[in-house]
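Worksheet: the structure to be examined is printed underneath.
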Amino acid sequence: ISPPDKSEFTTMKYQFPENFWWGSASSATQSEGAAFDGGKGDNIWDLWYQEQPNRFFNNVSATKASTFYQNYQTDIALMKEIGHNTFRTSFSWSRLIPTGRGEVNQEAVAFYGKVIDELIANDIEPFICLFHFDMPVAMQELGGWESREVVEAYADFADVCFKLYGDRVKHWFTFNEPIVPVEGGYLYDFHYPNVVDFKRAATVAFNTMLAHAEAVKRYRAQQLDGQIGIILNLTPSYPRSQNTADVKAANIADLLFNRSFLDPSVKGEYPQELIAFLQEHDQMPACQEGDLATIAAGNVDLLGVNYYQPRRIQAKLHTVNTDGPFLPEWFFDYYEMPGRKMNPHRGWEIYEQGVYDILTNLRENYGNIPCYISENGMGVEGEEKFIENGQVKDDYRIDFIKGHLTWLHKAVQEGANCKGYHLWTFIDNWSWANAYKNRYGFYRLDLETQTRTVKRSGEWFAQASKANGFD
Ligand code: BGP
């Protein structure tokens, strides 16, 4: 690993706090491969691919993930080379408990134990998430997150994980982006089970929050020496103007997509405005006695923030056609902000200041909860065109990371409690229905040979981590 340009690390204009977490994130299904090996049970991604392979980019399934199951030692050594002191992945529920509840798969117990030990031996602190979109099929057959039995089974699974690894893993996360299975699976048809029904989506969201709180309760009952949190994808909702109608529209998007998980997991309660909105439109999920007290006790120690892009919102320009299903978009429109900066290799806006706005909001309105950026990244389609002398020269990704870190630094200077930054992701990995369409890694993965080659951004990151900052 050679430094891209040493002059970038001399005056250290952006120096980060001591023990800042430098690393990256991935997930079990997206990195392990071995989808049908090692005693793993099927999850909904295995099932959906069997049913509809053409819903996956180039028909590529999770069996083609980046072979972490076989090559975790190599990958962890490569993480160390580019300066990781932390790494987040998830445990696959259906690998550890193939049918979701009951017997624990000892091969999986051994595998995750070895991964944790290998990370620690390399001075990389493991951050473990317990659910990253991968519901076991047997649990989906029970109703997925619509079922209270699944909530209980998940809490038992979490308990098993804490007992097995709680002595060594000090940073736990119950869920990654819990709003995404709600949106993808129950509103917008981009995840299994491809339902479009707001009320069912609301139930899924509520039960996920209950499952989170049950897991937190189990964790605290074990009195382990560590922290438990949740990872949320926060998308700042910016109104087109300060007109009442635009502001109201942006507020509804914020309530539905951000505060529906942020408020209960940090403050222990749902926003009154959200409850009023759901009641007004007859979309309230079934809430049983004791549920709200359970959720109130599930407030987190640590918040992971995934940030990719903001939402640009305006009031509805046209009358809503209410013949179709009830959707959030009945209440706002998206708009393209003139002059916005775009990722030219994927249709997402780049707005680095969003990091600052999120962290400042957490500082001012959420008790300055300890947090870190748990995902941020730049997906690039056709990244092979940037290969020179065998290496991806991804200067655009270095600029992207620096841009976000600069705003993170400013927020921290002003008192935000942000402890680290993880890029999505360590190595180009398989990504749900997009498979390998967008490459995100510090390392390029050759899909034929499984060769890993560091990109220029990985070399830059090694230096930034070592210097704990940059100019
Ligand atoms: C986040 C997910 C990740 C990953 C990333 C990139 O929402 O937590 O699992 O998929 O987005 O998404 P994509 O591959 O669709 O560009």
Filter result (in contact with a Gly (Cβ under 9 Å, 6 or more places away or on another chain) and either in a strand (DSSP E or B) or more than 26 Å from Tyr72 (Cα to Cα) (or both)) within segment 110-139: Glu125, Phe127, Cys129, Pro136, Ala138, Met139
If you go through segment 171-183 one residue at a time, how many are within 14 Å of the ligand (Cβ to nearest atom) and closer than 20 Å to Asn376 by Cβ? 8
When Gly469 is evaluated against the numbered criteria (1) within 16 Å of the ligand (Cβ to nearest atom); (2) modelled with pLDDT of 95 or more, which criterion, by number, is the only one it fails? (1)
Restricting attention to segment 317-376, which residues are among the polar types (S, T, N, Q) and in contact with a His (Cβ under 8 Å, 6 or more places away or on another chain)? Ser374, Asn376
Suppose we filter Asn54, Asn71, Asn58 for residues that are in a helix (DSSP H, G or I), within 16 Å of the ligand (Cβ to nearest atom), at pLDDT 95 or above and farther than 28 Å from Ala211 by Cα; which single one remains? Asn58
On the given criteria, is Asp46 part of a loop (DSSP other than H, G, I, E, B) and either surrounded by fewer than 23 Cβ atoms within 10 Å (Cβ to Cβ) or at pLDDT 95 or above (or both)? no
Of everything in segment 408-431 that's within 16 Å of the ligand (Cβ to nearest atom) and not in a loop (DSSP other than H, G, I, E, B), which residue is farthest from the chain's Cα centre (by Cα)? Ile427
Checking the conditions here, which among Ala296, Ala245 is over 26 Å from Tyr351 (Cβ atoms), surrounded by fewer than 18 Cβ atoms within 10 Å (Cβ to Cβ), away from the ligand (no atom under 16 Å from the Cβ) and among the hydrophobic types (A, V, I, L, M, F, W, C)? Ala296
State the number of residues belonging to segment 35-56 that are under 22 Å from the mean Cα position of the chain (by Cα) and small (Gly, Ala, Ser). 1
Failed criterion for Asp189 (all others in (1) within 16 Å of the ligand (Cβ to nearest atom); (2) under 30 Å from Cys371 (Cα atoms) hold): (2)
Taking the condition of being more than 22 Å from Leu274 (Cα to Cα), among the β-branched types (Val, Ile, Thr) and surrounded by fewer than 22 Cβ atoms within 10 Å (Cβ to Cβ), how many residues in segment 195-240 meet it? 1
The correct count of residues that are without any contact (Cβ under 8 Å) to a residue 12 or more places away in the chain and either in a loop (DSSP other than H, G, I, E, B) or touching a strand residue (DSSP E or B) at 6+ places or on another chain (Cβ under 7 Å) (or both) in segment 300-337 is 7
Polar (S, T, N, Q), surrounded by fewer than 17 Cβ atoms within 10 Å (Cβ to Cβ), in contact (Cβ under 8 Å) with a residue 24 or more places away in the chain and touching a strand residue (DSSP E or B) at 6+ places or on another chain (Cβ under 9 Å) - does that describe any residue in segment 436-457? yes
Read through the list (1) among the acidic types (Asp, Glu); (2) closer than 30 Å to Leu78 by Cβ; (3) touching a helix residue (DSSP H, G or I) at 6+ places or on another chain (Cβ under 7 Å), then give the number of the only condition that Asp167 fails. (3)
Taking the conditions exactly as written (in contact (Cβ under 8 Å) with a residue 60 or more places away in the chain, more than 15 Å from the ligand (Cβ to nearest atom) and in a helix (DSSP H, G or I)), does Leu405 satisfy them or not? yes
Given the structure, is Glu459 in a loop (DSSP other than H, G, I, E, B), more than 16 Å from the ligand (Cβ to nearest atom) and charged (D, E, K, R)? no
Given Glu375, Glu388, Glu364, Glu384, which one is modelled with pLDDT of 95 or more, among the charged types (D, E, K, R) and within 16 Å of the ligand (Cβ to nearest atom)? Glu375
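The values are calculated or read from the model by the stated rules, or taken from the named source; none is laboratory data. Computed from a predicted structure; not experimentally measured. Because the Cβ atoms are built from the backbone with ideal geometry, glycine has one as well, and the counts that use them run over all protein chains shown.
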